[in-house]
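Here's the structure we're looking at; comments come further down.
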Amino acid sequence: MEQNILDELDNMPEHQKIRKLDQMQYALEIFDGNGIDLSKSIEYGVISENDQVFATHNRHLFMKYAGDLNRYLHNFISSSYTLMSITNNVMSNYEIDSPVFYKEYEEKKMQLTSNPVFNIFFQLRQYVQHIKLIIPSRQFHWDRENGSSRKLLLETDTLISYIEKQTKRSKSDNEIKVINEVTLKYLNNVGGEIDLRNLFEDYIEAVHEFYYWVYSRLKEIHDEDLKKINEKRKEGRKLYIPTILSTNITLYKEGNMGDLDVIFLNTMDSLTYEKIKNEHSDMNERILAMISYIESDVGISSELKKMILGLI
């Protein structure tokens, strides 16, 4: 029965059109997830409560933190490029009878590509393809501010030098040349150092403003198609979610699932799952919130609900 519904869904003409929207949604989820990881890592490094990590005798702790931060930065930059590539692919293969949408899209895209912060991260992506950012390094350092917190500072000299070289090589590509010149002007104006936390927050804001706008507008345009598909998907979820929960409960009782909230994996999209986790630090409250979400989505039997509550 479940397979029949999946086959029906796959063969729906509406589904063929919406597949790319699903890809974009997934890319946004990955981007946001990597953004959360990087944000937490930056925050860990700048608060004074973690001074022990930066003590001379704890260099092993510092090197571990530095390695984690470096990895989160790489993942975040990579996921931003994936989001950009998928969105470009969606737009190049989409046929929408809406001149207004395309006009709005071009205007929004122009705002994004002329944003110097967006272009700094674009250049960072280009840069890390050739040079691995090792922290601590000559590209990054920490600066104590007001005796209570640190700034994680990105030195701009190396990046400026790299962009200038790329600009000279890109004279035949006017778009890249203009983008690089906008970025260089911004970097020169801010001086020799940039606070990575502020840069990251400004970048997240710029990306969300554009990509969530594109995704939301496409959803509006395909509202009727999405309604049909979501109804069919809901039929499928009603069938497989009880099976997933029952299996995960068994695995949890056997000690194979880790924390209790893990039993809800694959019963909701990852963005919703992470959102509930972040909103409820108390495990019992988190489980109740996840049960409530499942109830409102596809419903849950009293027997299955009782089994989950019995684990709290």
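Every residue, every condition in (1) of a type in the set (Phe, Trp, Tyr); (2) farther than 12 Å from Ala206 by Cβ; (3) modelled with pLDDT of 90 or more; (4) surrounded by 15 or more Cβ atoms within 10 Å (Cβ to Cβ), yes or no:
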| position | (1), (2), (3), (4) |
| --- | --- |
| Tyr81 | yes, yes, no, yes |
| Asn89 | no, yes, no, no |
| Val100 | no, yes, no, no |
| Leu112 | no, no, yes, yes |
| Phe118 | yes, no, no, yes |
Residue list for the range 247-260, filter: assigned to a helix (DSSP H, G or I) and without any contact (Cβ under 8 Å) to a residue 60 or more places away in the chain: Thr247, Asn248, Thr250, Leu251, Tyr252, Lys253, Leu260
Inspect all residues belonging to the range 185-203 and state whether any of them is assigned by TED's automatic domain parsing to the domain that holds Ser92, outside any helix (DSSP H, G or I), crowded, with 18+ Cβ neighbours inside 10 Å and among the hydrophobic types (A, V, I, L, M, F, W, C). yes
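Within the bounds of the range 2-19, is there any residue that is modelled with pLDDT of 80 or more, exposed (fewer than 12 other Cβ atoms within 10 Å of the Cβ) and not assigned by TED's automatic domain parsing to the domain that holds Lys238? Let's see the steps before the verdict.
Taking the range 2-19 and keeping what is modelled with pLDDT of 80 or more, we get none.
Looking for residues that are modelled with pLDDT of 80 or more, exposed (fewer than 12 other Cβ atoms within 10 Å of the Cβ) and not assigned by TED's automatic domain parsing to the domain that holds Lys238, one finds none in the range 2-19, hence no.
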When both residues are 6+ apart or on different chains and their Cβ atoms are under 8 Å apart, which pairs have a first residue that lies in the range 109-121 and is assigned by TED's automatic domain parsing to the domain that holds His208 and among the β-branched types (Val, Ile, Thr), and a second that is part of a helix (DSSP H, G or I) and at pLDDT 85 or above? Val117/Leu199; Val117/Asp202; Val117/Tyr203; Val117/Ala206; Ile120/Leu199; Ile120/Tyr203
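Quick test for you: out of Ile244, Ile229, pick the one residue that is surrounded by 16 or more Cβ atoms within 10 Å (Cβ to Cβ), of a type outside the set (Asp, Glu) and in contact (Cβ under 8 Å) with a residue 12 or more places away in the chain.
Ile229
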Hits in the range 286-312 - residues which are under 25 Å from the mean Cα position of the chain (by Cα) and acidic (Asp, Glu): Asp297
Six or more apart or on different chains, Cβ atoms under 6 Å: show the pairs whose first residue is in the range 84-95 and in contact (Cβ under 8 Å) with a residue 40 or more places away in the chain and whose second is charged (D, E, K, R) and in a helix (DSSP H, G or I). Val90/Lys20
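The values are calculated or read from the model by the stated rules, or taken from the named source; none is laboratory data. Because the structure is predicted, anything quoted here is derived from the model rather than measured. Note: ideal-geometry Cβ built from the backbone for every residue, glycine included; neighbour counts use all protein chains shown.
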